[in-house]
1. For a 26 Å ceiling on Cα separation, which of these pairs sit above it: K248/K351; K133/K248; K108/K305; K243/K351; K183/K230?
2. Assuming R0 = 35 Å, what is the FRET efficiency of S104 and M62, from their Cβ-Cβ distance, to the nearest 0.05?
3. How far is the Cα center of region 57-74 from the Cα center of region 222-258, in Å?
4. Under a plain spin-label model, where a point goes 7 Å from the Cα along Cα-to-Cβ, how far apart in nm are K95 and M147?
5. Quote to one decimal, in nm, the extra length available between W156 and S296 on full extension: 0.36 nm per residue of separation minus the C-alpha distance between them.
6. What nm distance separates the two modelled labels at V245 and A116, each placed 7 Å from Cα along Cα→Cβ?
7. Per residue, how many Å² of accessible area does region 4-354 show with a 1.4 Å probe?
8. Using only the alpha carbons, work out the radius of gyration and Dmax of region 4-354 in angstrom.
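The values are calculated or read from the model by the stated rules, or taken from the named source; none is laboratory data. All values reported here derive from a predicted model rather than from experimental measurement. Cβ coordinates were reconstructed from backbone atoms using ideal geometry, including for glycine residues, and neighbour counts include every protein chain displayed. Just so you know, the surface numbers come from the protein's heavy atoms only, side chains and all, with ligands and any DNA or RNA stripped out. Shrake-Rupley method; radii C 1.70, N 1.55, O 1.52, S 1.80 Å.
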Amino acid sequence: MFSSIAPLARLNPFYAPHFQLVQDGVRKRAEPAEAPTARRGLAAASAAEEYSCAYGSGRFFMLCGLGGIISCGTTHTALVPLDLVKCRMQVDPQKYKSIFNGFSVTVKEDGVRGLAKGWAPTFIGYSMQGLCKFGFYEVFKILYGNMLGEENAYLWRTSLYLAASASAEFFADIALAPMEAAKVRIQTQPGYANTLRQAVPKMFGEEGIWAFYKGVAPLWMRQIPYTMMKFACFERTVEALYKYVVPKPRSECTKAEQLVVTFIAGYIAGVFCAIVSHPADSVVSVLNKEKGSSASQVLMRLGFKGVWKGLFARIIMIGTLTALQWFIYDSVKVYFRLPRPPPPEMPESLKKKLGLTE
């Protein structure tokens with residue numbers, strides 16, 4: 001699949017005209033044909049910068065997937081205590097009335113170590129999710145971009161981001177569902193299981209393979225809108241920051257400055273992600289705790305007010321989580337010297353059609 005995508009990637013409007021292939025298959029930044037003198041100096045300085053692989057190559061997609069594993073697996077695991085309290089607030093709001101009360105009750109009953117319950121399924125599940133989410137996003141962005149063509153891909157870039165991220169998350173949730181089900185059982189059912197090794201055989205013995213996938217539909221309800229917002233909002237926020245906030249062009253920013261922009265855009269995207277996906281997150285938490293319930297039954301029982309329990313905790317968690325994920329993911333790209341195309345610019349052909357060029 002990767003080999004068939006590579007030729008298409010060379011025509012991708014989000015890559016060209018900023019980069020071009022050289023004979024050895026490594027991409028270098030190209031100098032504009034009629035750039036001003038100042039920009040020619042910058043282009044000449046960056047022309048020596050080589051990338052470890054071609055944009056859209058199999059190696060590119062694999063390293064993007066590795067970046068997704070590192071960014072999602074580590075960040076979700078680091079926030080397990082907050083996630084645990086959030087889940088308990090959703091399934092037992094009478095006992096866990098607020099974030100601080102939830103932490104207090106948990107520590108009192110289970111000790112400090114109790115805050116780490118569910119770390120193993122969290123790490124495994126979200127590592128697999130990150131692999132599919134970020135890796136397939138790059139794949140689908142190139143595929144859909146080339147299907148639209150250069151001009152339409154620019155004009156409809158927000159829709160392109162939404163479609164590519166939704167497609168990627170569909171597969172990512174299938175990879176996540178089994179570990180998410182185990183995590184919620186460990187975190188929200190006292191005495192059920194303390195570790196992943198205890199939870200998995202017990203769940204399989206009680207409900208079979210269905211125990212691990214009955215929450216996949218609610219996961220799609222939660223994660224697909226979340227990921228669509230995460231990627232589309234991030235991409236457009238980065239574009240806006242460089243256009244209206246950052247006082248110099250992206251090409252003149254250092255790698256560190258670019259990563260700061262990445263973090264800020266990630267946090268802004270994370271706040272919106274938390275809001276749009278929280279009702280479905282509440283349903284997932286309750287559904288995985290209970291036996292024999294359906295998503296629609298849980299939703300009706302919780303009601304409008306009930307599905308928003310724990311929102312503040314989730315905004316803090318998801319905002320921080322999303323910012324760190326984008327920061328780590330972009331840092332992995334920098335470390336492995338992967339191509340990092342700048343925000344898309346209007347194609348010259350479209351500028352001519354709109355009369356923006358002489």
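1. Table pairs above 26 Å Cα-Cα are K133/K248; K108/K305.
2. Once the sixth-power term is evaluated, E becomes 0.20.
3. Region 57-74 and region 222-258 have Cα centres spaced 19 Å from each other.
4. With each label placed 7 Å out from Cα toward Cβ, I get 4.7 nm.
5. Taking 0.36 nm per residue and subtracting the Cα distance, the gain is 47.0 nm.
6. The modelled label-to-label distance comes out at 3.6 nm.
7. 45
8. Taking only Cα atoms of region 4-354, I get Rg and Dmax of 22.2, 71 Å.
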